[in-house]
Structures are given as structure tokens and as C-alpha cells.
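A.B. asks: Okay, here's the structure, questions in a sec.
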Protein chains: 2
Amino acid sequence: MGVIVPITQDKPKMAGIENLVGQMASDMERVNAMILSRTGSEVTMIPEVANHLISSGGKRLRPMLTLAMAKMCGYEGEGHIKLAASVEFMHTATLLHDDVVDESDMRRGKVAARIRWGNEASVLVGDFLLGQAFKMMVEVGSLRALDILSTAASIIAEGEVAQLAAAQNVKTNEAAYLHIIRSKTAELFAAACEVGPVIAERPEQDHIACREYGLNLGIVFQLIDDVLDYGGSSAQLGKNVGDDFREGKITLPIILAFAKATDPEREFWQRTLGERDIQEGDLEQAMAILKSHKALEGTLERAILYGNKARDALADFPDNEIKQALFETIDFCISRAS
Amino acid sequence: MGVIVPITQDKPKMAGIENLVGQMASDMERVNAMILSRTGSEVTMIPEVANHLISSGGKRLRPMLTLAMAKMCGYEGEGHIKLAASVEFMHTATLLHDDVVDESDMRRGKVAARIRWGNEASVLVGDFLLGQAFKMMVEVGSLRALDILSTAASIIAEGEVAQLAAAQNVKTNEAAYLHIIRSKTAELFAAACEVGPVIAERPEQDHIACREYGLNLGIVFQLIDDVLDYGGSSAQLGKNVGDDFREGKITLPIILAFAKATDPEREFWQRTLGERDIQEGDLEQAMAILKSHKALEGTLERAILYGNKARDALADFPDNEIKQALFETIDFCISRAS
């Protein structure tokens, strides 16, 4: 998309997650088998809907983080497999419910489940997966991990409702926005990371460090998603460019542009996002305004900042292959928009 | 409504749940306070939506059963309060999601939350309540209770999906229908009852007995609900008479009538329920057909049968005030349709 990052910034390398994927490959195979077995049901619509989404090629970043953290913390048991699968189920349930909320037509480059099976199936299969997620956590038997993940479930829903309440309010400020994305996106990254040191029975400070890494990586992830919504290709994004715009979502690029807006621009944002009166050519004009105020660059700058916080959080862990892969994951998330 | 029960049957007394309510009053006050405190959120839409439903005068039968079972089993701790509140939250979440699935306009005699706040809010506040339910269970700290309730959450969703798949299929048989209502309704009654002996650390046979009571009571409850849908008043039911008919739901009264149907009647059911082509006067005709085949009486007879099973399940518990109140609760559920 060609966002220009000022040279004075730490420009992230184009980076991949191959290193993380490679190191977690054998454990991820077990997680995938677990996922497959736990979507099984004699009610055939359940595996159909669940697998439509689960097998559609998401990166499975969140469960990989659970595995990586457990491994980095020296965990040698079996519980990380089920916890990782739980984390992916929680994520999938959120996606299914989000599609109903957003009235999305596409998800991960495929037709959204709600279009193919109806809103009902999306809601109920999401509920089924949440139930299965908790069942797996219970099987692992760590009350602390259960506490972290059930708290995350509440906070995620709270963040989604807050986003609903903020939608169409063009006066949403950066602090309110950050609060929302912390809850709706970053909290699950944080929880996915925190349960690693928890089941490895590491001291409290390691829980905090891993959680901080996840939380900041999650913020990076969402900021970049918000940038891509105004500039990625449909294929890269797996959903339609301009979805946030059409849904009246107030994301950071909008907030930054609104702060610098001329009077006619404020009127434009009020009409399109505030009143959702969107006409032919409005998306193009929105993108032109964002460009003129360098709003996507501003968002990317903040992503880099949070990426640095994620990196700093792991300072006390010894340098090793896994830590290196976790650092590369930060760069990967940022480089999606570079 | 005037269903006539054959005299040869055990005709249930008109009965109330005042006895149960009275004995559980002080604990229920604590459950209500817990419910109120756990719907709190700085995101104001959450308590608004949650309390719209929670404060709308449901009987809170399920949490009362948890309290009663814990008490009957001699439990003296504090965990039953949070478990009872969890059970009510799971139920409320199900109702919120059901309304989206059924496209209902009314719930407990009030406008459904989805009409007032939108489908999105119903889905997300339901998710929030599920998260809070699990948080409370974790606080109680019984992995066994967590297992029972998380398993129930999966089974409930599975039952709802199965119902979705069976909708409009006029050839659904009694066994398939029973399997669905066991899952979607009776399972939560069963789980609500089972956690009582579990936290009281009673022997396994008591877990099974309490669970059996709850499961059979839940079946009674749903059978009577299905009867009332074709004969209760809107006020008695808290929803619209004929909702099941309009939604193409195949319930036991329909299955019994379909088994005895004439050819024109089969065509009628196929058009109205199978194809959901419903015209003026069809609901009245459906009710007339159900009457001619005594389909509501047949459903009520089965409810009485399951009520007896619920009663038998408690045979090994000593006779006392609580057991008496639990028996009266069975009669109460049946007498709603008598």
C-alpha cells in the first residue's frame, strides 16, 4: 500500500513468522488435531460451520503464542496443547459473533458463515465453541489459567459493546479508542501469552512480562488491521477494504485525521461515519483525506511504539531461539502494513 | 386453557413454588445481589441490556434449584451463591442469543432486548454474561462444578443447533424431539441441580440423583412450555401464543398430531411448518387440529410421566421440607398447563 515511514523511526524489517511457525510446528500439529476433534458433533451443522472458519487458513497466531510462551518458560507437560486450542476456539467464537454484529459478508477471504448458514448458526456455533473452550481449560485443571481466560472472555465482550456504543461517534478520542482495542483485541493476546508461564509455574513477574508482551503485540495487531482497512487489498486482508468505513467504526486513522480536519472535512466525517450516509466515491475521498493528514503513517508510528513495548517486556528472559522468534513476530505484524 | 387430563392419570394438584421460594428467600437475596454486582460495567449498555432481562420478573427457578440441592445435601459453605448466579447468567445469555436466533419480538412480557438495542447488543451482552458466569465458577474453585457447567454450555448450544436443523422438518419424530429438549432445556436444569451435591462433597450416587431430578424436571418444563405455546395467554407465557408455529418449530404437540394426521392435515402442516407459508386463520386451524387429536393432552400426559421420574430420583433422600418443596415444584411446572 505504500505508507512512508519517516527514516528517523526504527523501520521494521520486512519479517515473517516462519521462525515461530517452524519452532512450534510439531506442537501446532497436536493443537490442530485437538481443534478438529473438539469441533466434532453428531449435529452435523456444527463441524460444518466451525470448520468453514477454522480451516480457512488463519495464521493461528494466538495459540502459537500460548505454545511459545509455555516453551520459553520451560513447561514440559501436556496442558499447553488444550489451552492453545481453547484460545483458538475463543477467537473463532468471537469472529462468528462479530460477523453477526458487523453484518459482514466476507471473513478470511471466504463468504462469512452467517451468509451461508444464517445468523442463528453463527451465534450458536460460537456458543458451542466457547463451551468447548472452557471444557478443555477445565481438563487442564489450572484454576489460575481458567481465571485468566474467563476474565478475558468478559473483557473482550465488554470491549465489543464499548465499540458498538462508540460507533458513529466521530468525537471518540484516542484514549477511548485505545481502551476499546485493548479490550476487544489485545486482551486475548495477553491472556494467550500469560497462561504459558502460569502452567509452567513460573514466578509472578514472568506472568506479568508475558502478559505485557501479548497485550502490546495485540495493540500492534489491531492498529495495523485498522490501517489495512484503508489500504490493504481484499486478498491481503481477507475482508473488504473499507468495511470499517461502511460500518461507521471510529478507528485511530479517523481519530488522527479528525483532529486535524478542516470544517468541510469534519462535515464529511459526520455525514459518512456519524450518520452513515455513504455515497459513491466517499471511500476514495476518505482515503484521500487520511493521506493528506498522514493519518495512516501516524497510526503506523504508534504501532511501532507498542511493538517496542512488547519487545521490552521480554527483556529479563534469556536470549534464545524462541525469544528471537517472538521478536520477529512483532516485526511481522508491523510489516503487514509497511 | 382447559386441557382435559384423563381421570385415570395422576392428576397433579394445582401447586405453587411458594414453599421453595420461601425456604430459599434469604439465599436468593444474596444471589440477586451477586447478579446485580456482576452485571456492572463502565460500558453502560451492558447493565442496561442485562437488567432489562434479568429484572423482568423471571422466576429464577434454575438458581433456586442450585440453592435447594446444596442445602438438601447439607452444604454449609458460600460457593452455592456464586454457582446459582452463574446458572442464572448462563440462562440469561441463552435467552439473549435465542431471541436473535428466533427473531423474537417479546420475552417475559417485555419487548425483547434485540428489538430495543439491536441484535449486536443481545449477542455481545450474552457473551459478557457467559464470561462472568465462568469467572464466578472459577472463584468457587470446584473443577468438578466447572466441568459440569461448561459441558452443559456446549450441550445447550448443540441442542439449539439441532433444533435449528430440525425446524421445518415435519417428519421429526418423538425421539429426536426429546433429544433436542434434553439438550437445549433440561441439561441446564440437570447441571444446576448436580452442582449442589458436588460442592457439598456428597457421594457420587447423590450427584446422579440430583442430576436426574433436574433433567426430568427440565423435560417437564419444556413440554409444558410447548403446550402453552398453543394455548396459554400472552401474559401467562411472557411471549406470543403461536410463536413456535410461526417459527416452524416442530414440538411434541405437532409430532403427536402429525402421527395421526389425515392427508389434508399433513399437507397443512407441510405448508405451514415445512414451508412457513402461514396465512390468516392458520394458527386457529392448527389449534383445532391439535385439539381433534388430543395432542396437547398427549403432551401433558408425557409431562406427568417425566414429573414422576423427577420425583422418583429423590427417593433415597430423607423426607424433609426441602424435598417436599422440590416435589411441589414438579407439580407447579405441570399445573401451568392444567
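The values are calculated or read from the model by the stated rules, or taken from the named source; none is laboratory data. All figures in this text were calculated on a predicted structure; none of them were measured in a lab. In this analysis, Cβ positions are derived from the backbone assuming ideal geometry, glycine residues included, and neighbour counts consider all displayed protein chains. Only protein heavy atoms, including side chains, enter the accessible area calculation; ligands, DNA and RNA are left aside. Shrake-Rupley method; radii C 1.70, N 1.55, O 1.52, S 1.80 Å.
A.B. asks: Scan the range A:77-96 residue by residue and report those that are polar (S, T, N, Q) and under 17 Å from A:ASP27 (Cβ atoms).
C.D. replies: A:SER86
A.B. asks: Scan the range B:23-41 for residues that are open to solvent by 50 Å² or more (accessible area, probe 1.4 Å), away from chain A (no Cβ under 14 Å) and not basic (Lys, Arg) and jot them down.
C.D. replies: B:SER26, B:GLU29, B:ASN32, B:ALA33, B:LEU36
A.B. asks: Output the residues belonging to the range B:271-292 that are of a type outside the set (S, T, N, Q), open to solvent by 30 Å² or more (accessible area, probe 1.4 Å), more than 11 Å from B:TYR230 (Cα to Cα) and without any contact (Cβ under 8 Å) to a residue 60 or more places away in the chain.
C.D. replies: The answer is B:ARG271, B:ASP277, B:ILE278, B:GLU280, B:GLY281.
A.B. asks: Assuming A:MET136 fulfils every condition listed in (1) of a type outside the set (Lys, Arg); (2) more than 8 Å from every other protein chain (Cβ to nearest Cβ); (3) over 18 Å from the mean Cα position of the chain (by Cα); (4) over 18 Å from B:ALA157 (Cβ atoms) apart from one, which condition is it?
C.D. replies: Unmet condition: (4).
A.B. asks: Another one. Show me the helices (runs of 4 or more DSSP H) found entirely inside the range A:249-338 where at least 3 residues are among the β-branched types (Val, Ile, Thr).
C.D. replies: Result: A:321-335.
A.B. asks: Let me ask something else about it. Do you know which residues across the range B:312-331 are buried (at least 24 other Cβ atoms within 10 Å of the Cβ) and of a type in the set (Phe, Trp, Tyr)?
C.D. replies: None; the set is empty.
A.B. asks: Let me ask you something else. Step by step: first the residues of the range B:295-306, then only those that are open to solvent by 30 Å² or more (accessible area, probe 1.4 Å) and touching a residue at least 12 places away in the same chain (Cβ under 8 Å), then the one that is nearest to B:PHE189 (Cα to Cα). Which residue is that?
C.D. replies: Going through the qualifying residues, I end up with B:ARG302.
A.B. asks: Quick check on the range B:136-146: of everything there that is touching a residue at least 12 places away in the same chain (Cβ under 8 Å) and open to solvent by 10 Å² or more (accessible area, probe 1.4 Å), which residue is farthest from A:ASP147 (Cα to Cα)?
C.D. replies: Among those that are touching a residue at least 12 places away in the same chain (Cβ under 8 Å) and open to solvent by 10 Å² or more (accessible area, probe 1.4 Å), it is B:ARG144.
A.B. asks: From the set of residues in the range A:98-126 that are within 7 Å of chain B (Cβ to nearest Cβ) and open to solvent by less than 20 Å² (accessible area, probe 1.4 Å), which is modelled with the lowest pLDDT?
C.D. replies: Here the answer is A:VAL101.
A.B. asks: Test each condition in (1) crowded, with 18+ Cβ neighbours inside 10 Å; (2) more than 14 Å from A:ALA68 (Cα to Cα); (3) touching a residue at least 60 places away in the same chain (Cβ under 8 Å) for A:LYS309 and report the one that comes out false.
C.D. replies: The failed condition is (1).
A.B. asks: State the number of residues belonging to the range B:165-214 that are over 22 Å from B:LEU256 (Cβ atoms) and not hydroxyl-bearing (Ser, Thr, Tyr).
C.D. replies: Result for the range B:165-214: 27.
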